[in-house]
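The values are calculated or read from the model by the stated rules, or taken from the named source; none is laboratory data. Model, not experiment: these values are computed from the prediction. Cβ placement follows ideal geometry from the backbone for every residue including glycine, while neighbour counts extend to all protein chains displayed. These accessible areas exclude ligands, DNA and RNA; they are computed on the full protein's heavy atoms, side chains included. Shrake-Rupley method; radii C 1.70, N 1.55, O 1.52, S 1.80 Å.
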Amino acid sequence: MAYVLALLASGRSKGFTASILQAAVKGAQRVEGVDVEWVHLHKFKFGPCTSCFQCIRNDPHECVLKDAMGGNGKLMEKIKCANGWILADPVHYWGPSAQCHLFVERCYPFLWSGELEGMPFASISCASNQGMQRLANAELCKWSFCKGFRYIGGLPVHTTYFERALLEAENLGCKLAEAAKIDAGERSKFPDQERYVDYLNKPWSVLEPYLDNMSNGTMAYDSSLIAEGFTNFKRKEALEQLKKAREYFQSALELYNNGRVETACTQLARASAFWTHATWKEFLEADVIKTNVPGAYRPVDDKS
Ligand SMILES: Cc1cc2nc3c(=O)[nH]c(=O)nc-3n(C[C@H](O)[C@H](O)[C@H](O)COP(=O)(O)O)c2cc1C
């Protein structure tokens, strides 16, 4: 049996967002062999991540806070068993709501355990006033990428076209449930290189933001921060990783400029892994986190 979580992030248990999620649940329940649990996030008590980093240091990688998301907290237990999420969120300030952000933030331990990598994910962003539901939904797509989820689809909704949205939500729920069934058979890994390419046609694609990230906005190699020598890097191992990051980044930029976006993604994923490890080694390992990078997190794939 596949197990799907219908996660409602709105404070209003019977509001617009809840109605759209209800339609998605109806769609999911049409798929045989799928069990859906309704979870109203506001009913659970949990606060923000305190950056204690115990979830990185300890194995098993679990949150030590004593609330619904910490340790064996009720909500955490549900997340661990899920084969898919439908996350329904009201649009707040042109983006995701604080409750939704809090929930996603507290899923930090799964980055280190890798347990949720490849899990199917769908989102709903519901607005009823000025809107910006597409922007909010793209943000949820970005978080889905960061967590290593398989993005099945997202539904930006404005209540002006509520009836149409109900039908679309039903289809989305059905699609998510089908993917959850496959996940229940066996969860397939979703390594960075594959994920970078897969998200190219999603509402949020990593390619350009990450090129921007590694060149600090210049989108160029020569004038980029990465080429100009990061004067704050001193540790030998970090500098070696930085050199690798720079080589792959240069290659990614050349490919991108020649329109070869998929190969650019592969090289950029490699660059980003080295960049992550270099910064971890230089700034975090000895003084902040006090442990090396867990194996599941951004493994380097050196093909040079
Ligand atoms: C703090 C806050 C910020 C909001 N910001 C927006 C917004 O940026 N755009 C919009 O269309 N609606 C906004 N709204 C209205 C919600 O999106 C509206 O409540 C939404 O349709 C969710 O429906 P629900 O509360 O029935 O679940 C906001 C509401 C709150 C409480």
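Couple of notes before you dig in:
- Tallying residues that are over 15 Å from Val91 (Cα atoms) and open to solvent by 20 Å² or more (accessible area, probe 1.4 Å) within the stretch 154-169 yields 6.
- Qualifying residue in the stretch 8-25 (condition: in the same structural domain as Arg164 (by TED's automatic domain parsing), open to solvent by 40 Å² or more (accessible area, probe 1.4 Å), away from the ligand (no atom under 14 Å from the Cβ) and in contact with a Gly (Cβ under 9 Å, 6 or more places away or on another chain)): no
- Verdict on Ser128 being open to solvent by 10 Å² or more (accessible area, probe 1.4 Å), modelled with pLDDT of 95 or more and within 11 Å of the ligand (Cβ to nearest atom): yes
- Matching residues in the stretch 172-182 - criterion: being open to solvent by less than 20 Å² (accessible area, probe 1.4 Å) and over 12 Å from Arg150 (Cα atoms): Leu172, Gly173, Ala177
- So Leu87, is it open to solvent by 60 Å² or more (accessible area, probe 1.4 Å) and touching a Ser or Thr at 6+ places or on another chain (Cβ under 9 Å): no
- Number of residues in the stretch 99-121 that are closer than 16 Å to Leu41 by Cβ and out of contact with any His (no Cβ under 7 Å at 6 or more places or on another chain): the value is 9.
- In the stretch 283-299, the residues that are β-branched (Val, Ile, Thr) and crowded, with 18+ Cβ neighbours inside 10 Å: Val293
- Taken together, Leu116, Leu102, Leu135 contain a single residue that is assigned by TED's automatic domain parsing to the domain that holds Cys52, in contact with a strand residue (DSSP E or B) (Cβ under 7 Å, 6 or more places away or on another chain) and at pLDDT 95 or above, which is Leu135.
- Looking only at the stretch 183-203, and only at residues there that are small (Gly, Ala, Ser) and in contact (Cβ under 8 Å) with a residue 40 or more places away in the chain, the one that is least open to solvent (accessible area, probe 1.4 Å): Ala184
- Residues (surrounded by fewer than 20 Cβ atoms within 10 Å (Cβ to Cβ), at pLDDT 95 or above and outside any helix (DSSP H, G or I)) located in the stretch 204-217: Trp204
- Whichever residue in the stretch 113-125 is out of contact with any Phe, Trp or Tyr (no Cβ under 6 Å at 6 or more places or on another chain) and over 14 Å from Leu155 (Cα atoms) and, among such residues, is nearest to the ligand (Cβ to nearest atom): Pro120
- Scanning the stretch 255-282 for residues that are free of Cβ contacts under 8 Å to residues at least 24 places away in the same chain and open to solvent by 50 Å² or more (accessible area, probe 1.4 Å) turns up Asn257, Asn258, Gly259, Arg260, Thr263.
- Test: Cys141 is of a type in the set (A, V, I, L, M, F, W, C) and touching a residue at least 60 places away in the same chain (Cβ under 8 Å): yes
- Counting the residues of the stretch 112-140 that are charged (D, E, K, R) and over 30 Å from Val293 (Cβ atoms) gives 1.
- Residue among Gly173, Gly131, Gly154 that alone is assigned to a loop (DSSP other than H, G, I, E, B) and more than 21 Å from Arg270 (Cβ to Cβ): Gly131
- Against the criterion of being outside any helix (DSSP H, G or I), outside the structural domain of Glu139 (by TED's automatic domain parsing) and open to solvent by less than 50 Å² (accessible area, probe 1.4 Å), Phe233 qualifies.
- Put simply, of Tyr151, Tyr93, Tyr108 the only residue that is within 13 Å of the chain's Cα centre (by Cα), of a type in the set (Ser, Thr, Tyr) and surrounded by fewer than 19 Cβ atoms within 10 Å (Cβ to Cβ) is Tyr108.
- Looking only at the stretch 71-81, and only at residues there that are in contact with an Asp or Glu (Cβ under 9 Å, 6 or more places away or on another chain) and surrounded by fewer than 20 Cβ atoms within 10 Å (Cβ to Cβ), the one that is nearest to Ala169 (Cα to Cα): Lys78
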